[in-house]
Amino acid sequence: MSVPIDWYEHFDWRSDPNAALRQARDRPLRAVNIIERTTSADWRPRVLHAVEFLFDGARLAIYNAMDENGITDVPEAELPAVHWRRVHVA
């Protein structure tokens with residue numbers, strides 16, 4: 001805990017690491033939403049699934065990938081049909 005972190009020694013720069021980001025590059029951002037998974041449990045009726053960014057012709061979602069964040073461009077059509085809802089933020 002007392003040793004400073006040397007960020008530049010431990011990380012490699014990659015200029016284009018994620019194909020999902022390529023699809024959204026240079027496109028206007030149209031909406032930001034929260035995607036919630038809905039459940040029938042009274043103690044936890046809704047769970048944060050992702051933060052969604054909708055661009056002209058592209059969709060990105062940042063989600064919990066366990067011990068890291070994940071990013072995906074999976075189309076909305078592939079989300080479960082009845083167990084999610086979208087909450088518009090911006």
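The set of residues in region 61-90 that are of a type in the set (Phe, Trp, Tyr) and under 20 Å from residue 19 (Cβ atoms) contains only 63.
Restricted to region 33-48, and to residues there that are in contact with an Asp or Glu (Cβ under 7 Å, 6 or more places away or on another chain) and modelled with pLDDT of 85 or more, the residue that is nearest to residue 76 (Cα to Cα) is 35.
Kindly indicate whether residue 21 is in a strand (DSSP E or B), surrounded by 10 or more Cβ atoms within 10 Å (Cβ to Cβ) and modelled with pLDDT of 75 or more.
So residue 21 fails the test.
Reported count of residues in region 24-44, each being open to solvent by 90 Å² or more (accessible area, probe 1.4 Å) and either β-branched (Val, Ile, Thr) or in a loop (DSSP other than H, G, I, E, B) (or both), is 7.
Hey, among the residues in region 61-90 that are among the acidic types (Asp, Glu) and not in a loop (DSSP other than H, G, I, E, B), which one's farthest from residue 32 (Cα to Cα)?
Per the stated criteria, the residue is 78.
Which residues, taken from region 54-72, are of a type in the set (Phe, Trp, Tyr) and more than 8 Å from the chain's Cα centre (by Cα)? Listed by number, the list holds a single entry, 55.
Of all residues in region 61-90, exactly one satisfies the criterion of being of a type outside the set (Ser, Thr, Tyr), open to solvent by less than 60 Å² (accessible area, probe 1.4 Å) and touching a helix residue (DSSP H, G or I) at 6+ places or on another chain (Cβ under 7 Å), namely 71. Cβ separations smaller than 6 Å between residues 6+ apart or across chains give the following pairs from region 22-44 residues that are in contact (Cβ under 8 Å) with a residue 40 or more places away in the chain to residues that are of a type in the set (A, V, I, L, M, F, W, C) and loosely packed, with under 10 Cβ neighbours inside 10 Å: 32/90. Residues that are at pLDDT below 90 and among the acidic types (Asp, Glu) within region 51-72 comprise 67, 68, listed in sequence order.
Here residue 43 meets each of (1) out of contact with any Ser or Thr (no Cβ under 8 Å at 6 or more places or on another chain); (2) closer than 15 Å to residue 89 by Cβ; (3) not polar (S, T, N, Q) with one exception, condition (2).
State whether one or more residues within region 48-60 are open to solvent by less than 70 Å² (accessible area, probe 1.4 Å), under 20 Å from residue 17 (Cα atoms) and in a loop (DSSP other than H, G, I, E, B). Within region 48-60, none of the residues are open to solvent by less than 70 Å² (accessible area, probe 1.4 Å), under 20 Å from residue 17 (Cα atoms) and in a loop (DSSP other than H, G, I, E, B).
The values are calculated or read from the model by the stated rules, or taken from the named source; none is laboratory data. If you're wondering where the values come from, they're calculated on a predicted model, not measured in any experiment. With ideal geometry, Cβ positions are generated from the backbone for all residues, glycine too; neighbour counts draw on all protein chains shown. Surface areas here come from the heavy atoms of the whole protein model, side chains and all, with no ligands, DNA or RNA. Shrake-Rupley method; radii C 1.70, N 1.55, O 1.52, S 1.80 Å.
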